[in-house]
Amino acid sequence: MIKASLAAELTEQVLAGKPPSREQGVAILMSRGAQYTAYMAGAHGLKEKAFDSNIRLCSIINAKSGRCQENCAFCAQSAHFATQSPTFPLKSLDEILLGAKQAAAEGSHCFGIVTSGSKPKDGEEFQRILHAIRDIRSQYSIAPSASLGMLTDDQAQALADAGCVTYHHNLETARSYFPEICTTHSYDQDIQTVISAKKAGMKVCCGGIFGLGESIAQRVEFAETLQQLDVDSVPLNFLSPIPGTPLEGRSELKPMDCLRIITLFRFFLPGKPISVCGGREHNLRDLQAMMFMAGASGTMIGNYLTTTGRSKERDLQMFDDLEVQIDDCV
Ligand code: SF4
């Protein structure tokens, strides 16, 4: 009973504009049973206040895959690890546009062009992506987004000028845990890309992945970082261990852990879109529908970058069963 009132107090505090302390964040992640139910109710209330019963869907196209020079330990596309992930060059303009057309027809709000690699190559490749963004903007009722790695200020401005609504760039994990996950670039380089994208006038979609071995305190540290960066939307991914990567065989998260993480981020970023993306089926299993009760306001449908999502029909049935409305495209 005492703990339930802590959840109610925290909800009031957040509604009054004061973010949780690190201790309050840890308390959410440590809560169990009725204590967690109270936090979940608070997170759901915050989500409903910001978004009513609406959810947003996003889709991506894996537009260029494999042979990335970075060594992110969870990633099937890193050239540092022997995985079975396919390798292919940048898709044609027509293939990218077809993906956007399908995503718009399925009700997605946002269509992300995702390429592997630490940064986009200037020249024909980058020009093709800009061309695709301009065409998506003019032809389809869906917001184009891009996830191309680290950007220079000039590249960020070119994307914004082409009509890219959102730039996606994950920080992946807490600063204090990042060196365990990636040693080929720095956390500050990722933060600089977030800053460049914002400066160019794009919205920034920035989140990370959980179940990498990070501690509870580091999950809270990460939520605090995203709150302080004032990112515009947050994708939450849960590790699907890829054979051949250093995290092969690791499976740390239970479905309730995933829900507590979603709730944590809702309390830290009460008015921001929070989407559950990669690893939803593997980690949440039968509790997938509860992600919206826990504070999520959206999800990715269709396939993820290197793993297969469940069928769109099953997801659309789940949304219907939950009586949530799918937001119109912008
Ligand atoms: S997460 Fe991105 S930057 Fe890291 S290895 Fe994979 S493709 Fe490269």
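Give me the dipole magnitude in Debye, nearest 20, for the stretch 1-72 about the Cα centre, with unit charges on the beta carbon: positive for Lys and Arg, negative for Asp and Glu.
Roughly 260 debye for the stretch 1-72.
Placing +1 on the Cβ of each Lys and Arg and -1 on the Cβ of each Asp and Glu in the stretch 1-125, which of Cys110, Ala7, Ala76 has its Cα farthest towards the positive end of the resulting dipole?
The residue sitting most towards the positive pole is Ala7.
Would you mind checking which residues have amide H under 5 Å from Gly244's amide H? H placed 1.01 Å from N; only 5 or more apart, or other chain.
Those qualifying (amide H under 5 Å, at least 5 residues apart or on another chain) number zero.
So what is the relative contact order for the stretch 216-276, in percent, with contacts set as C-alpha pairs under 8 Å and at least six apart?
RCO, the stretch 216-276: 47 percent.
Would you calculate the volume per residue, in Å³, of the smallest convex hull containing every Cα atom of the stretch 75-121?
In the stretch 75-121, the Cα hull volume divided by residue count equals 110 Å³.
Given +1 on the Cβ of Lys and Arg, -1 on the Cβ of Asp and Glu, and no further charges, what dipole in debye does the stretch 216-268 carry about its Cα centre, rounded to the nearest 20?
My answer is approximately 220 debye.
Working from Cα positions, state the angle (0 to 90°, nearest 10) between the long axis of helix 33-51 and the longest principal axis of the chain.
Rounded to the nearest ten degrees, it is 50.
Assuming 0.692 mPa s and 37 °C, estimate D for the stretch 1-141 with Stokes-Einstein, Rh taken as the Kirkwood radius over Cα pairs, in µm²/s.
174 µm²/s
Say we join alpha carbon atoms closer than 10 Å with springs in a Gaussian network model of the chain; which of Glu248, Glu180, Glu124 then has the biggest fluctuation?
Maximum among the listed residues: Glu124.
Any idea what the relative contact order of the stretch 1-55 is, in percent, if you count C-alpha pairs under 8 Å spaced at least 6 apart?
46 percent
Please get the size of the charge dipole for the chain, origin at its Cα centre, with Cβ charges of +1 on Lys and Arg and -1 on Asp and Glu, quoted in debye to the nearest 20.
220 debye
Between Gly112 and residues 5 or more places away or on another chain, which pairs have amide H atoms under 5 Å apart, with H built 1.01 Å from N, and which residues are they?
Under 5 Å from the amide H of Gly112 lie the amide H atoms of Ser59, Ile60, Ile61, Ser145, each far enough along the sequence or on another chain.
Can you list the HN-Hα couplings for the stretch 260-275, worked out from phi with the Karplus curve (6.51, -1.76, 1.60; θ = phi - 60°), rounded to whole Hz and with x for Gly and Pro?
Whole-Hz 3J(HN,Hα) from phi for the stretch 260-275: 5, 5, 4, 4, 3, 5, 5, 5, 6, 10, x, x, 9, x, 10, 10.
Say the dipole of the chain comes from +1 at the beta carbon of Lys and Arg and -1 at that of Asp and Glu; which of Leu148, Phe178, Val231 then lies farthest toward its positive end?
Of the candidates, Phe178 comes out farthest on the positive side.
Going by alpha carbons, how many degrees (0 to 90, nearest 10) lie between the helix axis of 153-162 and the longest principal axis of the chain?
Once rounded, the angle reads 90 degrees.
When 1/r is averaged over all different Cα pairs and the result inverted, which Kirkwood radius in Å belongs to the stretch 160-231?
For the stretch 160-231, the Kirkwood estimate is 12.7 Å.
Out of all Cα-Cα pairs in the stretch 141-295, roughly what percent, to the nearest whole number, are more than 28 Å apart?
That fraction is 20 percent.
Name the shape class, rounded, prolate or oblate, that the alpha-carbon gyration tensor gives for the stretch 226-330, where a ≥ b ≥ c are the square roots of its eigenvalues, rounded holds for a/c under 1.5, and otherwise prolate holds if a/b is larger than b/c and oblate otherwise.
Verdict is oblate for the stretch 226-330.
Each residue of the stretch 52-57 in turn: what ³J(HN,Hα) in whole Hz from Karplus with 6.51, -1.76, 1.60 and θ = phi - 60°, glycine and Pro shown as x?
Karplus values, whole Hz, x for Gly and Pro: 6, 9, 8, 10, 10, 10.
Work out from phi, with θ = phi - 60° and the Karplus expression 6.51 cos²θ - 1.76 cosθ + 1.60, the ³J(HN,Hα) of each residue of the stretch 167-179, listed in order in whole Hz, and give x for Gly and Pro.
With the stated coefficients, the stretch 167-179 comes to 9, 9, 8, 7, 8, 6, 7, 5, 4, 5, 9, 3, x Hz.
Tell me, what is the percent relative contact order of the stretch 134-174, built from C-alpha pairs under 8 Å that lie six or more residues apart?
48 percent
Subtract the Cα-Cα distance of Arg310 and Glu252 from 0.36 nm times their separation in residues, and report this length gain in nm to one decimal.
Roughly 18.7 nm would be gained on extension.
Please state, as a whole number in µm²/s, the translational diffusion coefficient that the Stokes-Einstein equation yields for the chain at 4 °C and 1.567 mPa s, with Rh defined as the Kirkwood radius across alpha carbon pairs.
Calculated translational D: 65 µm²/s.
Of Cys277, Leu287, Ala217, which is farthest along the charge dipole of the stretch 209-330 in the positive direction, counting Lys and Arg as +1 and Asp and Glu as -1 at C-beta?
Most positive-ward Cα: Ala217.
Roughly what angle does helix 93-105 make with the longest principal axis of the chain, taking Cα atoms, 0 to 90 degrees, to the nearest 10?
Taking the Cα atoms of the chain, the angle to 93-105 is about 30 degrees.
Bear in mind these aren't lab numbers, they're just calculated from the coordinates by the rules spelled out. Here the structure is a predicted model, which is why all the values come from computation and not from measurement. Neighbour counts are summed over all protein chains in view; Cβ atoms, including those assigned to glycine, are modelled from backbone coordinates with ideal geometry.
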